[in-house]
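One structure below.
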Amino acid sequence: IDTYSVISFDIFDTALLRTVLQPGDIFLITGQRAADLLEDVSPERFRALRAEADQRSRPRRANGSRHESTLAEIYDQLAELAALAPDVARQVMAVEMAVEVEYTQPNPEVLAVYKECLARGQRVIFMSDMYLPASALVNMLHDSGYTGYEQVFVSCEFGETKRSGRLYPLVLATIGVSADQVIHIGD
């Protein structure tokens, strides 16, 4: 990777690791922690509703692709599905964000590579298909020892995903380089 001027790291399952077996376990824990707000919704039911809200918040485009939703858009759908008042939905959303932080840790192998890239003077960015806002990811990265990078690009804030391939050209245009100058590490 030392031949590239820009190193792009994925965030989840690359730079940061969740300490749960499945990503959906975050929703189960959120349901447990927010039980007093959710009243008759069990943690298991909350996990299912949260997954359904995610899917409903991402309408299909004419070409069949889906855009990444923001956490707020997901919780708007969740409020409808679970018959939650908007203020209650926002409180549960805050619980989910706290759970995400609590159950995330740095990947030591990637952190070491990251630090080597910075030491070589390479430009470093982060890119993720994710519903959490960039501000939350910046805090999580910082708390995990990732400092000194250039920028965080999150699909939900661009309306395009890595998965579709449409986020990459937007990132390249933003940082002002051609694709042959960048390597992406992660999925």
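Details
- Phi to ³J(HN,Hα) by Karplus 6.51 cos²θ - 1.76 cosθ + 1.60 over the stretch 4-19, Hz, x for Gly, Pro: 9, 7, 10, 10, 10, 10, 6, 8, 6, 6, 9, 6, 10, 10, 7, 9
- 5 angstrom amide H check on Arg166, placed H, neighbours 5+ away: Thr161
- Accessible surface of the stretch 125-187 [probe 1.4 Å, protein heavy atoms]: carbon and sulfur percent: 53 percent
- Here the stretch 25-121 yields Rg over Rh of 1.13, to two decimals, using C-alpha coordinates and the Kirkwood radius.
- Per-pair calculated FRET efficiency, R0 = 41 Å: Gln22 and Asp2 via Cβ, rounded to 0.05: 0.70
- Note on Ser178/Tyr103: beta-carbon distance plugged into 1/(1 + (r/R0)^6) with R0 of 30 Å gives a FRET efficiency of 0.20.
- Taking a point 7 Å from the Cα of Ala119 along the Cα-to-Cβ direction, the residues of the stretch 2-19 with backbone N closer than 18 Å to it are 2-4, 7.
- In the stretch 5-111, the portion of solvent-accessible area held by carbon and sulfur atoms comes to 52 percent [1.4 Å probe, whole percent, DNA, RNA and ligands not counted].
- Accessible area (Å², per residue) of the stretch 50-187, counting only protein heavy atoms and a probe of 1.4 Å: 48 Å²
- The dipole here belongs to the chain: it is taken about the Cα centre, uses +1 on the Cβ of Lys and Arg and -1 on the Cβ of Asp and Glu, and is about 480 debye.
- The alpha carbons of the chain stretch over 56, 39, 25 Å along the principal axes, in descending order.
The values are calculated or read from the model by the stated rules, or taken from the named source; none is laboratory data. These numbers were taken from a predicted model, which means no experiment stands behind them. Virtual Cβ from ideal backbone geometry, glycine too; neighbours counted across all protein chains shown. In case anyone asks, the SASA skips ligands and DNA or RNA and just uses the protein heavy atoms, side chains included. Shrake-Rupley method; radii C 1.70, N 1.55, O 1.52, S 1.80 Å.
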